[in-house]
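Nothing in this text is a laboratory measurement; each read-out follows from the coordinates by a stated rule. It should be emphasised that the depicted structure is a prediction, and the values quoted were computed from it without experimental measurement. Neighbour counts run over all protein chains shown; Cβ positions are idealised from the backbone, glycine included.
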Amino acid sequence: MPAVINRFEILIDANWAKENTDLDFGPLPAIRGPNNEIFIEEDNGKKYSLRDLGSRLAPLDGSEFGVFTDKVRFESGFISGPDFKYKIKGYNIEYTLLEPYSRSTIIDGSKELIGVIEYLQKGTKKSIFREGVIRENLLSR
């Protein structure tokens, strides 16, 4: 499962912002948009959406879960969305990896099983169930 991003703070390049925008450096500008329409472009050529970032943060084997924080820095990059584009130096992120869902299930087929025939010389066995179902299995030796 992808990570759930709880907090995402960007570090806007102040010099670039003074020269290229009309921001007043009071309250930070709102960055709004769907997570698949907000992109981060790093200086090494990597470009990914916030949605992709959630998938990149999750370990493939699902072995870790809990709340994590990370600080990502780069020389220069951009964050862009439907109606904005700002030069950034990195971001701080807090995210949650949820524990994988697991459930044990026991299937009791004893009421349907009539018997098992084992062929010792062939190394096979057959399970015979009610309603004429016969399954052939190899014995493990």
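Quick one: if the Förster radius is 41 Å, what FRET efficiency do ILE117 and SER63 give, using the C-beta to C-beta distance and rounding to 0.05?
Result of the calculation: an efficiency of 0.45.
Taking the Cβ of each residue in TYR119, TYR48 as the centre, tally the other Cβ atoms inside 10 Å and list the residues starting with the fewest.
In order of increasing Cβ crowding within 10 Å: TYR119, TYR48.
So if we plug the beta-carbon distance of GLU136 and ARG103 into 1/(1 + (r/R0)^6) with R0 = 35 Å, what FRET efficiency do we get, rounded to 0.05?
Computed FRET efficiency for GLU136 and ARG103: 0.70.
Restricting attention to segment 1-108, which trypsin sites (Lys or Arg not before Pro) occupy a DSSP loop and are surrounded by at most 14 other Cβ atoms within 10 Å?
Hits after loop and neighbour filter: ARG32, LYS46, ARG103.
Once Cα extents along the principal axes in Å is worked out from the coordinates, which option in [x] 57, 28, 27; [y] 56, 37, 29; [z] 85, 28, 25 does it equal?
Checking each listed value against the structure points to [z].
Cα centroid distance between segment 110-133 and segment 71-106, in Å?
The two parts, judged by their Cα centres, are 54 Å apart.
Work out the FRET efficiency for ASN20 and LYS71 from their Cβ-Cβ distance, taking R0 = 35 Å, and round it to the nearest 0.05.
Working: r = 25 Å, r/R0 = 0.71.
Plugging the Cβ-Cβ distance into 1/(1 + (r/R0)^6) gives 0.90.
Based on Cα positions only, what radius of gyration and what Dmax would you give for segment 27-103, in angstroms?
Expressed in Å, the Cα Rg and Dmax of segment 27-103 come to 14.3, 47.
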